[in-house]
1. Tally up the residues in the range B:15-26 that are surrounded by 18 or more Cβ atoms within 10 Å (Cβ to Cβ) and among the β-branched types (Val, Ile, Thr), please.
2. Return yes or no: is B:Val78 under 15 Å from the mean Cα position of the chain (by Cα), within 14 Å of chain A (Cβ to nearest Cβ) and not aromatic (Phe, Trp, Tyr)?
3. Among A:Tyr64, A:Tyr131, A:Tyr95, A:Tyr77, which is the only one that is closer than 17 Å to A:Val25 by Cα, surrounded by 12 or more Cβ atoms within 10 Å (Cβ to Cβ) and hydroxyl-bearing (Ser, Thr, Tyr)?
4. If you scan the range A:129-169, which residues turn out to be closer than 24 Å to B:Val59 by Cβ, in contact with a strand residue (DSSP E or B) (Cβ under 7 Å, 6 or more places away or on another chain), in a loop (DSSP other than H, G, I, E, B) and not aliphatic (A, V, I, L, M)?
5. Going by the conditions given, is B:Ser24 touching a helix residue (DSSP H, G or I) at 6+ places or on another chain (Cβ under 7 Å) and closer than 28 Å to A:Leu153 by Cβ?
6. Give me a count of the residues in the range A:121-154 that are among the small types (Gly, Ala, Ser) and more than 14 Å from chain B (Cβ to nearest Cβ).
7. Would you say A:Ile111 is aliphatic (A, V, I, L, M), closer than 27 Å to B:Glu39 by Cα and touching a strand residue (DSSP E or B) at 6+ places or on another chain (Cβ under 6 Å)?
8. Of (1) assigned to a helix (DSSP H, G or I); (2) crowded, with 17+ Cβ neighbours inside 10 Å; (3) among the basic types (Lys, Arg), B:Arg66 satisfies all except one. Which?
Amino acid sequence: MNLLSELNCYGTCFTLSAPFIALLVVISIALLSASLMLRRPKQKLITFVSSQAVVFLSVALTFYLMDCSYMLTLYLYLGYAITSTVLIFGVLRYYDRIMVRRLDAKPMGSIMKWAQEFVDNLVQVQAKLYYFDSAIPRAFASGKSIFVSIGLLELLNDEELKAVLAHEAWHIFNNSQTPYPKQLAFMTFSSSESEFENMADRFAAEIAGRGALTSARSKVDKVFI
Amino acid sequence: MVKLDQINISNDGLTKFFSPIEASILKTLWNEGEMTTSELTEKTKIPLTSVAGTLDRLVKAGYAARRMENVNGRVRYVYEPVFSEEEAANEITTKILDSLVDAFGPLALANFSKYSDKK
């Protein structure tokens, strides 16, 4: 079989350079996982790009070190591209579950039933509302979940909280409408961030009133995104 | 800092061992006992944006404890000190004496007895 003979070729062609290429692959996997874990967009981008660069380097190296057919290398890169893409989208999609565990977040229904019901009636997408233990007022959306800190619940009155929840629910709805490539572009090159934020704010003002949104923003500026 | 890994000998009072905000929160908790977040910001006159992060840190480091209260649909934290002022003083003193003996051995011990004779 063609593939088998190519595999054989791998064995004979690069017994010497194999550890080096393996090292490059390990480095690129480490960089990729770092880019998934880092939070700052800039660091995310840098690690993601360098991970891709290292893979490209190892592919180029394989290309030059082999005297046989180049097809298998191509297959390998294709395999890598597919696995890493699936991994990224998988993590994007289930990132809220990771956050629930990391923050030890609990369903909001147990302390403020009306808030979960309010979110249920907002948009077509079912969003689950969680609270987590922190005095710092914060709110964010991830996957299909909205997270708010107890510090935020302490600070805002019901109308202001509604404005924040509507803002976050819009993000979740928007994520579900946006195709994955655009989401990825947004994640790495977050240039259209302010545009999304403005749209989320407009929706929040429509639902909860401009006044509630403004007073929520003035109390907790830049802590809900 | 809360973990007592940095001591600023030149600072005053508790701020030798804690940041000014940490010290002011701890002192208030020792004086008043249980307090909510808004009571703390009022008493210490420090804005919430500075107090909130410090409170998280004090809880994580084990100097303060908090529970969540749900009153009439409003959620709030109630804080209390984990150690009394005396217990905290004991812990800090022991840690510093330990580190002095660790660094200087018998020399430190000789100085301790000189110091207690003077007093």
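The values are calculated or read from the model by the stated rules, or taken from the named source; none is laboratory data. Quick caveat, the model's predicted, so the values are computed rather than measured. Here the Cβ positions follow ideal geometry from the backbone for every residue, glycine too, while neighbour counts run over all protein chains shown.
1. Residues meeting the conditions: 2.
2. no
3. Just a single option satisfies the conditions, and that option is A:Tyr77.
4. Correct list: A:Ser134, A:Pro137, A:Arg138.
5. yes
6. 5
7. yes
8. (1)
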